[in-house]
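Accompanying notes for the structure given below.
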Amino acid sequence: MTSGTVMMDQMSWPEFRDRIAKNPVVFLPCGATEQHGPHLPLSVDALLSAAVAREVAEEVGGIVAPTLHFGYKSMPKSGGGPFFAGTINLDASTLIAMVRDVIRELVRHGARKVCAIVGHYENQWIVTEGIDLAMRECGHTGLRVMRLEYWDFCTEDTLKKVFPDHFPGVALEHAAVMETSMMLHLYPEMVRLDLIPDHPSADFPPYDMFPPHREWVPSSGALTSAKAATKEKGRIMVEQYRRDIAVAVRKEFKA
């Protein structure tokens with residue numbers, strides 16, 4: 001008797017053995033533990049990447065590997081930086097090795113189609129390096145790897161529905177309308193609507209400083225206000241991501 005779940009960490013080892021033997025796409029959510037303002041949990045990037053992976057895996061008959069819960073260093077201009085309690089930053093070399101090792105282990109168990117879904121802005125190129133190293137070691141096996149950031153699939157039509165007035169850009173959407181709306185749709189019990197900050201968007205210069213300036217980042221940790229977030233906006237985004245990412249996965253893996 002099988003559980004019917006797509007989540008690898010909820011499967012028994014015989015169930016996983018039998019499922020992986022069918023050569024499904026294995027999704028690897030790449031999140032982080034990072035502050036997301038006073039109204040959202042530290043696990044937003046991990047929760048959302050895993051949820052999107054689950055949605056797409058259910059669509060294409062895939063498996064979702066356990067989420068990587070720690071990510072590359074939070075930056076002031078996209079995640080608030082190191083100024084907030086609870087943000088756990090990995091060095092690039094650590095995350096690169098984690099991604100490489102997890103993919104290599106999945107290949108050892110029979111995976112040949114892997115899709116890394118990035119849910120933490122700063123992870124993008126670090127995850128790419130881990131994939132590249134895994135390909136150097138495992139490419140002879142027929143391994144193929146897809147990497148994507150789920151927000152890149154947000155269409156102009158969806159953006160108009162979510163941001164009827166103005167879209168501030170993905171980097172400033174940290175703990176703001178997009179993430180808060182998706183959390184309201186997927187994990188409403190984890191959102192504190194009464195604590196959503198309401199202040200102007202952060203105004204960053206076109207450069208970085210090391211050590212970073214604390215005064216650049218709003219004291220709330222949110223880079224722009226999430227007051228316009230709604231459960232319906234979250235539903236619109238999640239359904240569109242499920243549909244369009246599944247199309248891309250089927251195209252590349254013939255899944």
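The values are calculated or read from the model by the stated rules, or taken from the named source; none is laboratory data. Only a predicted model underlies this, so the values are computations on that prediction, with no experimental measurement involved. Here the Cβ is made from the backbone with ideal geometry for all residues, glycine too, and neighbour counts use every protein chain on show.
Does the range 56-66 include one or more residues that are out of contact with any Leu (no Cβ under 7 Å at 6 or more places or on another chain) and either at pLDDT below 95 or more than 23 Å from GLU239 (Cα to Cα) (or both)? Among the residues of the range 56-66, not one is out of contact with any Leu (no Cβ under 7 Å at 6 or more places or on another chain) and either at pLDDT below 95 or more than 23 Å from GLU239 (Cα to Cα) (or both), which makes the answer no. Among the residues that make up the range 59-71, is at least one of them of a type in the set (Asp, Glu) and either touching a strand residue (DSSP E or B) at 6+ places or on another chain (Cβ under 9 Å) or surrounded by 18 or more Cβ atoms within 10 Å (Cβ to Cβ) (or both)? Within the range 59-71, none of the residues are of a type in the set (Asp, Glu) and either touching a strand residue (DSSP E or B) at 6+ places or on another chain (Cβ under 9 Å) or surrounded by 18 or more Cβ atoms within 10 Å (Cβ to Cβ) (or both). Taken together, PHE163, PHE167 contain a single residue that is in contact with a helix residue (DSSP H, G or I) (Cβ under 8 Å, 6 or more places away or on another chain), among the aromatic types (Phe, Trp, Tyr), surrounded by fewer than 20 Cβ atoms within 10 Å (Cβ to Cβ) and modelled with pLDDT of 95 or more, which is PHE163.
Going by what's in this entry, would VAL177 be described as within 24 Å of LEU47 (Cα to Cα) and modelled with pLDDT of 95 or more? Taking the combined requirement at face value, the residue satisfies it.
The set of residues in the range 210-255 being of a type in the set (Val, Ile, Thr) and not in a loop (DSSP other than H, G, I, E, B) consists of ILE236, VAL238, ILE245, VAL247, VAL249. Scanning the range 81-121 for residues that are surrounded by fewer than 19 Cβ atoms within 10 Å (Cβ to Cβ), among the small types (Gly, Ala, Ser) and either touching a residue at least 40 places away in the same chain (Cβ under 8 Å) or touching a strand residue (DSSP E or B) at 6+ places or on another chain (Cβ under 8 Å) (or both) returns ALA85, GLY86, ALA92, GLY110. Selection of the range 12-55 for residues being of a type in the set (Gly, Ala, Ser) and more than 30 Å from ASP194 (Cα to Cα) yields SER12, ALA21.
Taken together, the residues in the range 127-149 that are closer than 11 Å to CYS30 by Cβ and out of contact with any Cys (no Cβ under 8 Å at 6 or more places or on another chain) amount to 4. LYS77 meets the conditions (1) touching an Asp or Glu at 6+ places or on another chain (Cβ under 8 Å); (2) more than 16 Å from ALA32 (Cβ to Cβ); (3) among the basic types (Lys, Arg) in every case but one. The failed one is (2).
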